[in-house]
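J.: Before I ask anything, let me first share the structure, which is written out below as structure tokens.
What follows is calculated from the coordinates using simple rules that are stated; it is not laboratory data. Given the structure is predicted, the values throughout are model-derived calculations rather than measurements. Using ideal geometry, Cβ is built from the backbone for each residue, glycine included, and neighbour counts are taken over all protein chains shown.
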Ligand code: F6P
């Protein structure tokens, strides 16, 4: 019987996932003559035994497609799994034994788990109970410490930058202060990159809690120079000094809290200070996660996919592929968990921002 590998995509989707699925499938078939099984909706499909064979035919044309053809779930943690009861209520159970049993039944050489910090923590838990898993890092937030870049991030930055460009012309025409809220739960990489590339006047990120008075005085300085509009890029996790990130929906045992409202909160404060201006908010939301990946993200996804298959071939179970400089390498999954890569408030990007007159709020 031919050897077999499996692949699943967990957590929030992002552009480039399909490039990984395609590369894993092609490399496994072309170079090793292995069979490939796609597991649907992340660890949920492993629990519910929902699989599909992946062939050269089924991954054709995938490079340009956003999302993930396998589907994903960000609630299917095998160790805290939400089970629907007959009366409609939900009960949280540890179903890791069932998941491990289903995995063993598949007789995989290894499972390629593509995901962010949450998915890697689940993978690590299963690895410690004997599963054979290799990882591929994924998140548009680019906040995984294991790697210099995750695919999806660059696509999100392109989309956010284009939005900032477009907001500029309309803000200028109407003398408006426009806030553009971008994704970035704990890390402000997207806000920082799109804000700098788009020439924002103020960039607010979770790593630098802001003081309202600094933002007000940055806008006043512009007005004193005769510039009557301003663009503020706000990461969704941005918070005032001494305050918290704006939460739209509280989380629970199986669900992360939903952030939302960071830009609205600040806009209300600014409207009080600048009553002569219209203060408007644009929230980009999931637009940043959808659609065609950039060439960089397709290439990175393809490199990660082939790298992951090589890890399996080399017996490097428990490793996650990573980009260091321009080289694909790997690190233990356990080292990639729980430690986020944040924007350094005194690092190069923050300095570049300050040196070009961008207000960072503190
Ligand atoms: O982690 C990636 C991310 O896009 C964050 O920037 C954002 O906070 C979160 O996912 C949103 O997740 P969901 O789509 O589940 O609301």
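J.: For the stretch 147-167, how many residues are more than 15 Å from the ligand (Cβ to nearest atom) and either closer than 17 Å to residue 187 by Cβ or in contact with a helix residue (DSSP H, G or I) (Cβ under 7 Å, 6 or more places away or on another chain) (or both)?
T.: Total meeting the criteria: 4.
J.: Condition first: surrounded by fewer than 14 Cβ atoms within 10 Å (Cβ to Cβ), within 11 Å of the ligand (Cβ to nearest atom), in a helix (DSSP H, G or I) and touching a residue at least 12 places away in the same chain (Cβ under 8 Å). Can you find one or more residues in the stretch 266-287 that meet it?
T.: Yes, some residue in the stretch 266-287 is surrounded by fewer than 14 Cβ atoms within 10 Å (Cβ to Cβ), within 11 Å of the ligand (Cβ to nearest atom), in a helix (DSSP H, G or I) and touching a residue at least 12 places away in the same chain (Cβ under 8 Å).
J.: How about the stretch 290-323: which of its residues are in a loop (DSSP other than H, G, I, E, B), touching a residue at least 40 places away in the same chain (Cβ under 8 Å) and closer than 22 Å to residue 130 by Cβ?
T.: 316, 317, 318
J.: Can I ask one more? Scan the stretch 310-329 for residues that are out of contact with any helix residue (DSSP H, G or I) (no Cβ under 9 Å at 6 or more places or on another chain) and crowded, with 17+ Cβ neighbours inside 10 Å and jot them down. I'd like the intermediate steps shown before the answer.
T.: Start the filter on the stretch 310-329 by keeping residues that are out of contact with any helix residue (DSSP H, G or I) (no Cβ under 9 Å at 6 or more places or on another chain), which leaves 311, 314-315, 324-327.
Residue satisfying the conditions is 311 alone.
J.: Exactly one of these conditions fails for residue 82: (1) touching a strand residue (DSSP E or B) at 6+ places or on another chain (Cβ under 6 Å); (2) within 16 Å of the ligand (Cβ to nearest atom); (3) under 11 Å from residue 8 (Cβ atoms). Give me its number.
T.: Every listed condition holds for residue 82 apart from (3).
J.: Those residues that are part of a loop (DSSP other than H, G, I, E, B) and either within 16 Å of the ligand (Cβ to nearest atom) or buried (at least 24 other Cβ atoms within 10 Å of the Cβ) (or both), I need them from the stretch 168-189; list them, please.
T.: 183, 184, 185, 186, 187, 188
J.: At least 1 residues that are surrounded by 23 or more Cβ atoms within 10 Å (Cβ to Cβ) and touching a residue at least 12 places away in the same chain (Cβ under 8 Å) in each: list the strands (runs of 3 or more DSSP E) lying fully within the stretch 82-150 that qualify.
T.: Numbers: elements: 90-93, 110-115, 133-137.
Output list reads 110-115, 133-137.
J.: Then there is this: Would you please name the residue that is surrounded by the fewest Cβ atoms within 10 Å (Cβ to Cβ), looking only at residues in the stretch 250-265 that are in contact (Cβ under 8 Å) with a residue 24 or more places away in the chain, assigned to a loop (DSSP other than H, G, I, E, B) and within 14 Å of the ligand (Cβ to nearest atom)?
T.: 255
To keep it simple, each residue is scored yes or no on (1) closer than 24 Å to residue 286 by Cβ; (2) more than 16 Å from the ligand (Cβ to nearest atom); (3) out of contact with any strand residue (DSSP E or B) (no Cβ under 8 Å at 6 or more places or on another chain).
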{"residue": "37", "(1), (2), (3)": "no, yes, no"}
{"residue": "69", "(1), (2), (3)": "yes, yes, no"}
{"residue": "99", "(1), (2), (3)": "no, yes, yes"}
{"residue": "126", "(1), (2), (3)": "no, yes, no"}
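J.: So, in the stretch 2-13, exactly how many residues are within 16 Å of the ligand (Cβ to nearest atom) and touching a strand residue (DSSP E or B) at 6+ places or on another chain (Cβ under 6 Å)? Write out each step before concluding.
T.: If we filter the stretch 2-13 for residues that are within 16 Å of the ligand (Cβ to nearest atom), which is where we start, we get 9-13.
Among the residues that remain, those that are also touching a strand residue (DSSP E or B) at 6+ places or on another chain (Cβ under 6 Å) are: 9-11.
Adding up the residues that qualify gives 3.
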